[in-house]
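Novice: One structure follows; several queries about it will come next.
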Amino acid sequence: MNADAGRTPRWGAALDAVALGAMATALALLSLALVLVPQRLAQRPASQGIVSLHLGADGRLRLWNQPVPSAQLAAVLQGLEASRGRPTVRLIPDADVPWGSVQRLMERLGRSDLPLELQLP
């Protein structure tokens, strides 16, 4: 019979604990990255070519926190198209806006040549 068969190696339990701790840490970091990376990408500033257009529950539009009359939206989009670079328009509707209103506005925005993103609340 082998006398060493029932014994645990000297560092066996310690190595198991370290490996388990490393796996738990790696899993926690992965989970944190899965939460934070999409949020960070959603918050890209205008310097990276993102123009945020907010649609309020009352139907009002805001661009860079300034009200934009609906009649002037086409002129604003043409100004963005003429600007340096190719900005992306991100439409951010309020949670209380009916989906039909969002779709109608997306149709209007889709008539321009600018790329369009929709960020749901």
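Read the figures in this text as sums done on the coordinates, not as results from a lab. Owing to the predicted nature of the structure, the values given are computational and were not obtained by experimental measurement. Backbone-built Cβ (ideal geometry, glycine too); neighbour counts: all protein chains shown.
Novice: When the residues of region 82-96 are filtered to those that are closer than 17 Å to E107 by Cα and not hydrophobic (A, V, I, L, M, F, W, C), which remaining residue is surrounded by the most Cβ atoms within 10 Å (Cβ to Cβ)?
Specialist: P93
Novice: Would you confirm whether any residue within region 100-109 is surrounded by fewer than 12 Cβ atoms within 10 Å (Cβ to Cβ) and not in a helix (DSSP H, G or I)?
Specialist: no
Novice: Under the condition of being assigned to a strand (DSSP E or B) and out of contact with any strand residue (DSSP E or B) (no Cβ under 6 Å at 6 or more places or on another chain), which residue from region 52-67 is nearest to L105 (Cα to Cα)?
Specialist: P67
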